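A.B. asks: Quick one: the structure is below, and I'll ask about it shortly.
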Amino acid sequence: MKNKIFNKFIFLLVSSIILFACEEKTDWKYSPMENHALVVEAIITDQYQNHEVLLSLSRDNINDLPLPATNADVKIKTDGEIYIFEEMLSEPGKYISKNPFSAKLNKVYNLEVNWNGNIYVSNSYMEQVIPFTEITFKSAEETESISLNFVAQQYSPHEQAMYEIDIDWSHIVNSDSAKAKLFYYTFNTIDVNEIFKPAIDNVKFPKGSIIIEKKYSLNPEMADYFRSMLMEIEWQGGIFDETPSSLPTNISNGGLGFFGVSAVLSDTLIAQ
Amino acid sequence: MLKVRFIILLFQFSIVWSFSQTTDTKLTIQKSKISVEKLLNEITSQSGIHFSYNPSNFDFDKKISFYVIEKSLKETLEKLTTKIPIQYTIIDNQIVLNLKDETTNIEPPKPEYYTLSGFISDKSTGESLIGATVFAHGKSIGISTNEFGFYSIYLPKGKHKLEYSYIGFSPEITNIDINKNKKRNVHLMDMPNNLPEVIIEMPTIDILERKIPGKKEILKSELNNMPEFGSSSGLIKGLQAHPGVKTHSDGSAFFFVRGGAKDQNLIIIDDAPIYNPAHLFGFYSLVVPDFTKSIKLYKSDIPVNIGDRLSSVIDIRTKDGNLNKFEVNGATSLILNRISFEGPIVKGKSSFFVSWRLSNFRWLYHRYVPNLDLAFGDLNLKWNYKLNQNNRFYFTLINGHDVLANNGDALGSVAGVKWNNFAMTLRWNHIFNPKLFSNTILYTGNYQYELSFNRDAWHSGIGNLSLKSDFTWYNNSKMTTKFGLELHGYFFNPGKILTGTLSNIFPTIKQDYSRQSVLYYNTTYDLLNKWKFSAGARFSIWSNSGPATYYTFDSNYKPMEEINIGTGVYNRYFNLDPRLSISYNIDSSSIVKFSYGMYHQYMHLISNSTSPYTSFEVWAPSSPNIKPQKLHQFALGYVKYLPKKGIEFSAEAYYKMMDNQIDYKPHANTLLNPLIEGELRFGKMKSYGLELMIKKDRGKFNGWISYTYSRALRKTPEVNGGNEYPAFHDRPHDFSIMLNYNISRRLLFSMYWTGFTGSAFSSPTGFYTYNQNTVPIYGEKNNDRLPDYRRLDVALKLILNKNPENRYQHSLTLSFYNFLAHKNIIDVNFNKILSENDSPIVKADVLTQQNLIATQTSLIRFLPSLTYKFKFSK
């Protein structure tokens, strides 16, 4: 219901304002500061597996590749249990738990990263995940392709969640690059710039594509982090922009990024 | 011998004759500071008669002020005796001065004073004239009419020569014998005016009354001469052309005055507040210029009887309607139509004014978006009735609406957003006696906003119902006192679902109710026609009343407790706001003024948006969690007017210190949030600046040039690490030029150019990656600036009538907004990629290898409009 409302208003507002507005590429000279802060990217889940923690450095330029933060000691503790992470030799900056484990409800998980002589800590906990709603597809205009029509409600007073959608049609076109990864979110808040967000790329794929959907539960702090992220990367640049600001973080000692714990549901389907 | 006697007689006769000639000479001396010696020399130089005196008896270096205009020698000498302790004797062709002996030092009996009062109005229309002046020749006594054309002047018993004058009208000079309190209504004739909206010379007596620093009177002719935007010369754009007033950006109704936030400006029409003065998200103004009679902008020294906003008050008075004849005004263009009717209901006693305006955009977009309904309109109504000499009634109604809707798609669903402004005033003017004028008003202002989808609707609003009794006591010729009482009831609806299924989904937001009681008092005292002192205070009590729900928050802004209030008052604020001003007339054409004022504001616009458009802002009252905003303002201004050339120079400096300024936590959630007060942060703001303006207000070539240097800096403990940062509207340099050139009687060319420093905004200082998304990092808040803003508007106005006496008058106006098509950037973003058709869009697939780009958005590169205006009178 709310999605429909949003779409209507985006359509209406854009239709009217576009009579006057013009957006174009610019060569903006922003002033980078020395950016080499540690970025922690870690979501452990209730799935029994080897979990991973990504460590990288912040950077000056928008399209530079992130530099990995290597040779760190990474561990997660909870209730006397300690999970040690080791860096993958093939992928510097990616740390994999030595042993598989699954996160549990009602536990607080503490992340500890020792990198470059500095200690970064964080903690988080898991909330329950509510079952999926069904993904629907729509035909892309003037092509044989389809695209995602509906993944999840953007607003729900009862839950907050992140949806990771991996789409793979490499087996159809015989190309390894025929893949896409999209993220969708459900929040218990509603924002003006979300309602009037700018146009987003419509990812098209052929019928028969393999869709792997993962739904992550978000506790309030994680939801706040991802909502803030969307404000900066997806909802910014529309008609009613909010004042930009750095994202919150739960990493101590000047670190960036977020450490979260989620319950996950996963599903695989064929796009029709 | 006879011959000798004849010669002596002839000599004596010649002396008497020559003396009588000299005493007939009229003397004019206007000196604010002149030594006695120089004054005597001046009298000798003008009259040709010398003084004889013993220098040791007098202090000839003593400086005195001395004003006589067209006075005989005898009258001049009489005046001199009141200034220094002398008596004079005229012997032959000499004036002998002696020290005044004690017997002559006895105080003369005090003259009896009486009051002359009445109304000044336009003879042709019967409209009362606001700010018209009455001046008693030779007495240096003058006063101007109030908002309803009423004056009351205190005069000594005797005969007086009075001059009634008003800008653009022929002055009326009349003799009157004052021996009791009298009433006199005066009707002034407007000057023949064959030029398009020509700005007519201002009577000299009006100069210092109208050009007081801190107050700006915006003439309708100035507004009408400005190049139009889309066939309308809006109030907001007219205001923005003046120093100290900064526009948000193109197409925005938001503006900032002297560094204050956008919610610190109060627009009142006939006393009723207008909460959103914008149509079409801000592209058009709610205020129709045809409906206005007077527009005053107060930037400092805001009168005690209007207020509760920190930065400015725009006081708009509407036309009463023609009391004598029926008149039709209108304008039509491809995008906007308007028409107004006015005329007498009972000739000379009661009249009406009604205007109607409707947009006409449909043809612009219908082909592309056939289901779109985009429109605005407004209806203005005024009625007035003169019951008798002492009682007048007025009724004003303003209703403006906007709609943006999808009238039904293939699925039959209907969605839309609409908002409505409503204001109504019922006024009773009563004259208790010639010295006491009262103005009692019952008024309401209301703003409603609705977002709907089929049967579901989200709704927010603000409104007030107010009663005000305002009194003016004309104590004497030197002193005027204002006092009064206000009672206000406010309701705030921060957003709730009215109907349908959504009411079960969205959180419940409780309405707020508040009351305000105000007492105010102000006295203005005129000393020696040179100094004017004004002192007063506004005492207000703000009360939050139940039923209500509010939350307490801990030091981390986490909610601690929900408090449910039944009925009754649960929170109060008491504030006494003193105001003080001192002005000094350096001479008859220049004035310097200092003012100090303390102000409180109890209503706050909650919005963390940088958008130029009015969107989902909600108004919130001062409450236990939101203290009233507070301001101390110091201002020093100087105005010099050269009447012969019609040139005015003004300079004003100000310093403002503001407390309890609302700021926001990063990515604050301000929409439909019951805990919205936890998203707010409170800090300080300071602003200062210097505003300079040179204006030529008459002649074939007229206009103004203005420059402002100003800063607006915020400091909030929880924002930007507690460090000071520039506000969005901190734009140090602001430059404007407005020029009108009357090419001929029927053709006016006008141009307006403005340029100012770009707004402060936050640009990234770095990036990092999370979930394969590129996330910006920000350093200092508002560390960067948008490019400087520049815009040139031009217009050509042609009067189609060859005969200016025609009953049917019509004209054509061709306007170009942003004539040079300059790209004025409203935002810069770093989150887009280029689509297949090279338009910027947000990246959805995080695996795509396409580089992110910086993008900028500009509005309204070039907008021409052609408007046909007409006027018919019967």
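Coordinate-derived values only; no laboratory data. The structure presented is a predicted model; accordingly, all values stated were derived computationally and were not measured. As a convention, Cβ positions derive from the backbone with ideal geometry for all residues, glycine included, and neighbour counts pool all protein chains shown.
A.B. asks: Once both axes come from the Cα atoms, what is the angle between helix A:220-233 and the longest principal axis of chain A, in degrees from 0 to 90, rounded to 10?
C.D. replies: Helix A:220-233 and the main axis of chain A meet at about 50 degrees.
A.B. asks: With an 8 Å Cα cut-off and a minimum separation of 6 or more residues, compute the relative contact order for region A:13-125 in percent. Don't skip to the answer; put the middle values down first.
C.D. replies: Values: 199 pairs, mean separation 25.1, N = 113.
This gives 22 percent for region A:13-125.
A.B. asks: Here's another thing I want to ask about it. Quick one: net charge around A:TYR30, please, counting Lys, Arg +1 and Asp, Glu -1 for every other residue with C-beta under 11 Å from its C-beta. Spell out each step's value before the answer.
C.D. replies: Numbers: positive: A:LYS29; negative: A:ASP27, A:ASP60, B:ASP784.
Summing Lys/Arg as +1 and Asp/Glu as -1 gives -2.
A.B. asks: ³J(HN,Hα) across region B:357-373 via Karplus (A = 6.51, B = -1.76, C = 1.60, θ = phi - 60°), whole Hz, x for Gly/Pro?
C.D. replies: So the Karplus estimates, Gly and Pro as x, are 9, 9, 6, 9, 8, 3, 4, 5, 10, 4, 5, 8, 10, x, 7, 6, 10 Hz.
A.B. asks: Put one equal scatterer on each alpha carbon of region B:320-375, apply the Debye formula with no solvent term, and list log10 I(q)/I(0) at q = 0.17, 0.30 1/Å to two decimals.
C.D. replies: Taken in order of the listed q values, log10 I(q)/I(0) reads -0.61, -1.04.
A.B. asks: Here's another thing I want to ask about it. I need the phi-derived Karplus couplings for region B:160-175: 6.51 cos²θ - 1.76 cosθ + 1.60, θ = phi - 60°, integer Hz, Gly and Pro marked x.
C.D. replies: In residue order, the calculated couplings are 9, 9, 10, 10, 9, 8, 7, 4, x, 10, 6, x, 10, 10, 9, 9 Hz.
A.B. asks: Still on this structure, I have one more. Out of residues 5 or more away from B:ASP730 or on other chains, whose amide H comes under 5 Å of its own, with H placed 1.01 Å from N in the peptide plane?
C.D. replies: B:ALA760
A.B. asks: Could you work out the Rg to Rh ratio of region B:651-810, with Rh taken as the Kirkwood radius (inverse of the mean 1/r over all Cα pairs)?
C.D. replies: Working: Rg = 23.7 Å, Rh = 20.0 Å.
On the Cα set of region B:651-810, Rg over Rh gives 1.18.
A.B. asks: Same structure, new question: Cα-based Rg (one decimal) and Dmax (whole number) for region B:209-330, in Å?
C.D. replies: Rg and Dmax of region B:209-330, Cα atoms, are 14.3, 45 Å.
A.B. asks: Calculated FRET efficiency, B:LEU747 and B:LEU527, Cβ-Cβ r, R0 60 Å, to nearest 0.05?
C.D. replies: Values: r = 49 Å, r/R0 = 0.81.
Result of the calculation: an efficiency of 0.80.
A.B. asks: Throw me the Rg/Rh for chain A, computed over C-alpha atoms with Kirkwood Rh, two decimals.
C.D. replies: Details: Rg = 20.2 Å, Rh = 20.7 Å.
The Rg/Rh ratio comes out at 0.98.
A.B. asks: Also, quick follow-up: Any chance you could run the full-extension gain for B:THR89 through B:THR174? It's 0.36 nm times the residue separation minus the Cα-Cα distance, nm to one decimal.
C.D. replies: Working: separation 85, 0.36 × 85 = 30.60 nm, distance 3.40 nm.
Length difference between fully extended and current span is 27.2 nm.
A.B. asks: Still on this structure, I have one more. Could you line up B:GLU805, B:GLU147, B:GLU691 from fewest to most neighbouring Cβ atoms inside 10 Å?
C.D. replies: Values: B:GLU805 8, B:GLU147 20, B:GLU691 24.
Listing B:GLU805, B:GLU147, B:GLU691 from fewest to most nearby Cβ atoms yields B:GLU805, B:GLU147, B:GLU691.
A.B. asks: Compute the distance in nm between two label points, each set 7 Å from the Cα along the Cα-to-Cβ direction, one at A:SER156 and one at B:MET189.
C.D. replies: 8.1
A.B. asks: Please list, in order along region B:211-221, the HN-Hα scalar couplings obtained from phi with the Karplus expression 6.51 cos²θ - 1.76 cosθ + 1.60 (θ = phi - 60°), rounded to whole Hz, x for Gly and Pro.
C.D. replies: Rounded to whole hertz, the list is 10, 6, x, x, 10, 10, 9, 9, 7, 4, 5.
A.B. asks: At 25 °C and 0.890 mPa s, what whole-number value in µm²/s does Stokes-Einstein give for the translational diffusion of region B:573-681, with Rh from the Kirkwood sum over Cα pairs?
C.D. replies: Details: Rh = 17.3 Å.
Answer, rounded: 142 µm²/s.
A.B. asks: Then there is this: Suppose the chain between B:PHE649 and B:VAL328 were pulled fully straight at 0.36 nm per residue; how much longer would it get relative to their current alpha carbon spacing?
C.D. replies: Working: separation 321, 0.36 × 321 = 115.56 nm, distance 3.79 nm.
Fully extending the segment from B:PHE649 to B:VAL328 adds 111.8 nm.
A.B. asks: Around B:PHE341, what is the net charge, scoring Lys/Arg as +1 and Asp/Glu as -1 over all other residues with Cβ under 14 Å from its Cβ? Spell out each step's value before the answer.
C.D. replies: Details: positive: B:LYS319, B:LYS325, B:ARG338, B:ARG357, B:LYS382, B:LYS871, B:LYS874; negative: B:ASP290, B:ASP320, B:GLU327, B:GLU342.
It works out to a net charge of +3.
A.B. asks: Estimate the FRET efficiency between B:ILE345 and A:THR143 by the formula 1/(1 + (r/R0)^6), using the beta-carbon distance for r and 51 Å for R0, to the nearest 0.05.
C.D. replies: Efficiency, from the Cβ-Cβ distance: 0.15.
A.B. asks: Same structure again: What residues qualify as long-range amide H neighbours of A:SER262, i.e. H under 5 Å apart, gap of 5 or more or another chain, H built at 1.01 Å from N?
C.D. replies: A:ILE44, A:THR45, A:ASP46
A.B. asks: Could you pull the Rg and Dmax for region B:436-590, using just the Cα atoms, both in Å?
C.D. replies: Answer for region B:436-590, Rg first and Dmax second: 23.0, 72 Å.
A.B. asks: Provide the three semi-axes, in whole Å and in decreasing order, of the ellipsoid equivalent to chain B as defined by the square roots of 5 times the Cα gyration tensor eigenvalues.
C.D. replies: Values: eigenvalues 655, 186, 159 Å².
Here the semi-axes work out to 57, 31, 28 Å.
A.B. asks: Still on this model: Given points 7 Å out from each Cα along the Cα-Cβ axis, report the B:THR440 to A:ASN63 separation in nanometres with one decimal.
C.D. replies: So the two model labels end up 7.3 nm from each other.
A.B. asks: Using just the Cα positions, wrap the protein assembly as shown in a convex hull and report its mean projected area in square nanometres, one decimal place. List each step's numbers first, then the result.
C.D. replies: Numbers: hull surface 228.2 nm².
Over all viewing directions, the protein assembly as shown projects a mean Cα-hull area of 57.0 nm².
A.B. asks: Most fluctuating residue of A:ALA161, A:ALA140, A:ALA21 in a GNM of chain A with Cα springs under 10 Å: which is it?
C.D. replies: A:ALA21
A.B. asks: Could I ask something else about it? Write down the radius of gyration of region A:137-177 and its Dmax, each obtained from C-alpha positions, in Å.
C.D. replies: My reading of the Cα-based Rg and Dmax gives 14.5, 43 Å.
A.B. asks: If I fit a long axis through the Cα atoms of helix B:73-83 and take the longest principal axis of the Cα atoms of chain B, what angle between them do I get, 0 to 90°, rounded to 10?
C.D. replies: Value to nearest ten degrees: 70.
A.B. asks: What does the convex hull of the alpha-carbon atoms of region B:286-380 project to on average, in nm²?
C.D. replies: Values: hull surface 37.1 nm².
Averaged projected area of region B:286-380's Cα convex hull equals 9.3 nm².
A.B. asks: In addition: Give me the one-decimal nm value for the distance between modelled label points at B:TYR368 and B:TYR114, 7 Å along each residue's Cα-to-Cβ direction.
C.D. replies: Between B:TYR368 and B:TYR114, the simple spin-label model gives 7.2 nm.
A.B. asks: So if R0 is 56 Å, what FRET efficiency would B:ASP587 and B:LEU820 give, r being the distance between their Cβ atoms, rounded to the nearest 0.05?
C.D. replies: Numbers: r = 42 Å, r/R0 = 0.76.
Approximately 0.85, to the nearest 0.05.
A.B. asks: In degrees, nearest 10, range 0 to 90: what is the angle between the Cα axis of helix B:36-47 and the longest Cα principal axis of chain B?
C.D. replies: 70
A.B. asks: Follow-up. Say we join alpha carbon atoms closer than 10 Å with springs in a Gaussian network model of chain A; which of A:SER217, A:SER102, A:SER246 then has the biggest fluctuation?
C.D. replies: A:SER246
A.B. asks: Using Cα-only point scatterers and the Debye equation, what is log10 of I(q)/I(0) for region B:735-797 at each q in 0.21 Å⁻¹, rounded to two decimals?
C.D. replies: -0.86
A.B. asks: When Lys and Arg each count +1 and Asp and Glu each count -1, what net charge do the other residues less than 14 Å away from B:HIS248, Cβ to Cβ, add up to? Don't skip to the answer; put the middle values down first.
C.D. replies: Values: positive: B:LYS237, B:LYS246, B:LYS262, B:ARG731, B:ARG791; negative: A:ASP241, B:ASP250, B:ASP263, B:GLU617, B:ASP730, B:ASP734, B:ASP827.
Taking every other residue near B:HIS248 into account, the sum is -2.
A.B. asks: Hey, could you get me the Stokes-Einstein D for region B:583-625, Kirkwood radius over alpha-carbon pairs, 37 °C and 0.692 mPa s, rounded to whole µm² s⁻¹? Walk me through the numbers on the way to the answer.
C.D. replies: Details: Rh = 14.7 Å.
Taking Rh from Cα pairs, D becomes 223 µm²/s.
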